[in-house]
Amino acid sequence: MSDPLRIALAGLGTVGTGVIELLETNRSTIERRAGRALQIVAVNARDRTRDRGVDLSPFAWVDDMQAMAARADVDVVLELVGGSDGPALTLARAALDEGKAFVTANKAMIAHHGLSLAEQAALRGVPLKFEAAVAGGIPVVKGLREGAAANRIERIYGILNGTCNYILSEMERTGADFDAMLAEAQAKGFAEADPTFDIEGVDAAHKLAILSAIGFGARVDFANVDATGIGEVRAADITQAGTLGYVVRLVGIASIDESDGTPALLQRVRPCLVARGHPLAAVTGPTNAVVAEGNFSGRLLFQGAGAGAGPTASAVVADLIDIARGDLGAPFSVPVEELETFPPADPGNRIGRDYIRFTVTDRPGVLAEITAAMRDAEVSIESLIQRGRDHEGGEVLVAMVTHEGPERCVTKALELLDGSPSLTAPPLVMPILKD
Ligand SMILES: NC(=O)c1ccc[n+]([C@@H]2O[C@H](COP(=O)([O-])OP(=O)(O)OC[C@H]3O[C@@H](n4cnc5c(N)ncnc54)[C@H](OP(=O)(O)O)[C@@H]3O)[C@@H](O)[C@H]2O)c1
């Protein structure tokens with residue numbers, strides 16, 4: 001058997017300690033599959049004194065994280081610290097500069113700096129791997145890079161944030177509103193103390209940018225992911241969607257739009273209505289799921305735990321095993337210099353159906369005003385439901401579903417209604433996911 005693969009591990013939090021535990025528990029299985037031992041030689045975190053529930057005594061403690069990159073006894077630097085910039089990025093650059101393989105679970109860093117890191121890795125001829133950065137334990141990066149490699153990918157979409165999925169599916173189950181379910185998610189450890197990145201769709205946008213790069217051979221373009229989170233979704237929307245046969249899920253969607261003649265990349269994160277029979281509708285709680293549609297494979301569904309110590313460690317160690325086996329594949333499935341630059345697609349080109357919810361004052365003529373705006377913008381209404389008034393003269397919800405049509409018409413209708421004294425809040429638009 002060859003020499004062990006020697007690993008320097010930065011970050012001993014949820015994922016870092018999960019990796020130590022997994023390497024210990026599955027040592028012989030991993031060794032047989034990798035063809036050599038995977039051996040942590042050095043570790044680092046901020047607080048050396050903290051009891052982390054794992055035995056750190058076999059490893060050298062390194063006080064300066066950045067010093068790990070230059071160690072002669074290290075083949076791979078594993079970054080499990082987090083943050084798009086700061087010490088994680090400095091470590092990544094230093095490690096690749098030293099000609100070390102680099103593995104990370106850091107979606108924020110890969111979404112922002114993945115291209116330049118891939119360029120650096122290519123220059124040095126070393127692997128850069130980030131399976132755990134997208135959908136935690138689900139092997140979707142590998143699935144797209146390898147399993148689906150023979151296909152032209154038509155569309156990629158999925159539930160990419162477990163916190164949002166937990167909140168939405170619990171709102172559906174209990175009938176409670178967003179704030180109550182966010183508080184419950186925090187109490188149960190499914191949401192961070194500061195959940196902004198999750199609920200505003202930024203975390204899902206990071207993952208979508210990485211997935212579309214791999215799926216479409218595109219240069220990572222996080223800046224052009226158009227993300228809306230779930231903060232405006234009300235219990236009443238979920239009830240309304242349910243009446244119509246749908247559930248609400250936060251979905252990241254990426255596709256190539258050729259309707260203007262030049263291929264353009266559409267990347268969006270939106271709360272969407274998902275038909276009850278669709279596989280994503282059955283994905284509840286903190287689970288993630290990704291669908292990739294290949295031109296020969298058809299619909300591929302990847303589903304599993306999107307976070308947590310065990311599942312995320314499983315993805316990280318899969319990358320280490322690949323490196324131990326000598327896999328030098330391009331991080332984004334084609335060599336970084338061959339990744340294509342796509343302009344962002346005009347979302348107005350999208351042909352689809354939408355759920356639109358208005359909150360309006362309870363007075364005569366409001367419905368007529370809304371339907372007139374729809375008519376003038378050429379939006380065809382499939383169904384319209386007015387929810388009973390909360391109290392005399394109070395706020396009323398008007399929800400509608402449109403027939404299939406260009407999204408630019410819906411945008412125009414909302415522009416016509418913008419500033420109307422009849423609306424008590426900006427309307428909420430949720431696309432209906434196409435099968
Ligand atoms: N948690 C998940 O389920 C999950 C899933 C997928 C991907 N990820 C990604 O995996 C990475 C790690 O996540 P995590 O949940 O394991 O985070 P975590 O529990 O907060 O652990 C972070 C670790 O990094 C160390 N650290 C933070 N700042 C540091 C600094 N300036 N210098 C040295 N060490 C520093 C911390 O040290 P101390 O312990 O001493 O404070 C801690 O050990 C992140 O990129 C995250 O996005 C996590």
(message) Between 0 and 90 degrees, rounded to the nearest ten: what's the tilt of helix 407-417 against the longest Cα principal axis of the chain?
(response) 50
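Dividing the convex hull volume of the Cα atoms of region 253-411 by its residue count, what figure in Å³ per residue is obtained?
Hull volume over Cα atoms, normalised by residue count, gives 182 Å³.
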(request) Kindly write out, for region 291-297 in residue order, the coupling ³J(HN,Hα) from the Karplus curve 6.51 cos²θ - 1.76 cosθ + 1.60 (θ = phi - 60°), rounded to whole Hz, with x marking Gly and Pro. (result) 10, 10, 10, x, 6, 10, 6
(message) How are the alpha carbon pair distances in region 5-133 distributed across 5 Å bins from zero to the largest one, expressed in percent?
(response) 2, 11, 22, 24, 21, 13, 6, 1
(message) Among 168, 239, 136, which residue has its Cα furthest toward the positive end of the charge dipole of the chain, with +1 on Lys/Arg Cβ and -1 on Asp/Glu Cβ?
(response) 136
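Dividing the convex hull volume of the Cα atoms of the chain by its residue count, what figure in Å³ per residue is obtained?
On the way: hull volume 64.1 nm³, N = 435.
Cα-based convex hull of the chain, divided per residue, equals 147 Å³.
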(message) I'd like the distance separating the alpha-carbon centroids of region 67-124 and region 206-245, in whole Å.
(response) 28
(message) Using only the alpha-carbon atoms, how far is helix 366-376 inclined from the longest principal axis of the chain? Give it as 0 to 90 degrees, nearest 10.
(response) 70
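Using Cα-Cα distances under 8 Å and only pairs 6 or more residues apart, what relative contact order does the chain have, in percent? Write out the running numbers ahead of the final one.
Working: 931 pairs, mean separation 71.2, N = 435.
So the answer I get is 16 percent.
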(request) Return, for the Cα atoms of region 188-340, the radius of gyration and Dmax in Å, separated by a comma. (result) 17.3, 53
(request) Amide H neighbours of residue 227 under 5 Å, at least 5 residues apart or on other chains, H built in the peptide plane: list them. (result) 269
(message) With angles folded into 0 to 90 degrees, how steeply does helix 14-25 sit against the dominant principal axis of the chain? Use alpha carbons for both and round to 10.
(response) 50
(message) Contact order normalised by length for region 5-133, with contacts defined as Cα pairs under 8 Å and 6 or more residues apart; what percent is it?
(response) 24
(message) Let me test this: with uniform point scatterers at the alpha carbons of region 179-258, what is the Debye-based log₁₀ I(q)/I(0) at q = 0.13, 0.15, 0.20, 0.22 1/Å?
(response) -0.54, -0.68, -0.98, -1.05
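Whole number in Å², please: accessible area per residue of the chain, 1.4 Å probe, ligands, DNA and RNA not counted.
Numbers: 18280 Å² over 435 residues.
It amounts to 42 Å² per residue over the chain.
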(message) Just to check I understand the Karplus step: with θ = phi - 60° and J = 6.51 cos²θ - 1.76 cosθ + 1.60, what whole-Hz values come out for region 210-221, glycine and proline as x?
(response) 5, 4, 5, 4, 5, x, 9, x, 9, 5, 4, 9
(message) Using 10 Å bins from zero, what percent of all Cα-Cα pairs in region 348-431 falls into each bin?
(response) 19, 55, 23, 3, 0
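First check a/c for region 242-330, with a ≥ b ≥ c the square roots of the eigenvalues of its C-alpha gyration tensor; if it is under 1.5, answer rounded, and if not, answer prolate when a/b is larger than b/c or oblate otherwise. Mind showing how you got there, number by number?
On the way: a/c = 2.44, a/b = 1.28, b/c = 1.91.
Verdict is oblate for region 242-330.
Only Cα pairs under 8 Å and at least 6 apart count here; give the relative contact order of region 130-252 as a rounded whole percent.
Numbers: 142 pairs, mean separation 40.5, N = 123.
Relative CO of region 130-252 lands at 33 percent.
Please identify every one of the GluC sites (Glu not before Pro) in region 176-206 that sits in a loop by DSSP and has no more than 14 other beta carbons within 10 Å of its own beta carbon.
Values: sites: 184, 192, 200; in loops: 192, 200.
Listed in order of number, the matching sites are 192.
Using the crude model of +1 on Lys and Arg Cβ and -1 on Asp and Glu Cβ, and no other charge, please compute the dipole size for region 348-431 relative to its Cα centre, in debye to 20. Intermediate results must be reported in sequence, preceding the final value.
Numbers: 9 positive and 13 negative charges, 26 e Å.
Charge dipole of region 348-431: 120 debye, to the nearest 20.
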(request) Summarise the accessible area of the chain (1.4 Å probe, protein heavy atoms) by the percent that is carbon and sulfur. (result) 50
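The values are calculated or read from the model by the stated rules, or taken from the named source; none is laboratory data. Bear in mind the structure is a predicted one, so any value in this text is a computation, not a measurement. Glycine also receives a Cβ, built like all others from the backbone with ideal geometry; neighbour counts cover every protein chain displayed. Note: accessible area is taken over every heavy atom of the protein model, side chains too, but ligands, DNA and RNA are not part of it. Shrake-Rupley method; radii C 1.70, N 1.55, O 1.52, S 1.80 Å.
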